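There's a structure below that I have some questions on.
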Amino acid sequence: MLDRTAQLTTRYVRTPEAARLLGLSPRTLEKYRCHGNGPTFRKLGGRVVYAIGDLEAWADQAACSSTSDPRYVEARAAGNAHR
């Protein structure tokens, strides 16, 4: 029951607001969605929505402590892979 309640209180945002929260352009977020390297999204009817928690989790995966951090190299490579 608690899990169902959590699902009902989840806040969803559409692409423009999700992009604003992440500091990206909506177009970049759309490209990430197509290439499969963006945050988890849901398709509700004809609309693409993102759970705030999924956006935060995706952003946290890119957290680095220095430019020599292996995740930093991976994050740069992922950002440049589809240019």
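Quick one: dipole size for region 12-81, taken about the Cα centre, charges +1 on Lys/Arg Cβ and -1 on Asp/Glu Cβ, in debye to the nearest 20.
That gives a dipole near 380 debye.
So how exposed is Tyr32, as accessible area in Å² (1.4 Å probe, rounded to 10)?
50
Over all directions, the average projected area of the alpha-carbon convex hull for region 12-81 comes to how many nm²?
Mean projected area of the Cα convex hull: 4.7 nm².
Please give the length that would be gained between Val13 and Ser25 if that part of the chain were fully extended, namely 0.36 nm times their separation in residues minus their C-alpha to C-alpha distance (nm, one decimal).
2.9 nm
A follow-up question, please. Starting from 0.36 nm per residue, how many nanometres of slack lie between Leu44 and Ala62 once their C-alpha separation is accounted for?
Roughly 3.8 nm would be gained on extension.
The values are calculated or read from the model by the stated rules, or taken from the named source; none is laboratory data. Please read all numbers here as calculations on a predicted model, not as lab measurements. Methodologically, a virtual Cβ is constructed for each residue, glycine included, from the backbone with ideal geometry; neighbour enumeration extends over all protein chains shown. Calculation scope for accessible area: heavy atoms of the full protein, side chains included, ligands and nucleic acids excluded. Shrake-Rupley method; radii C 1.70, N 1.55, O 1.52, S 1.80 Å.
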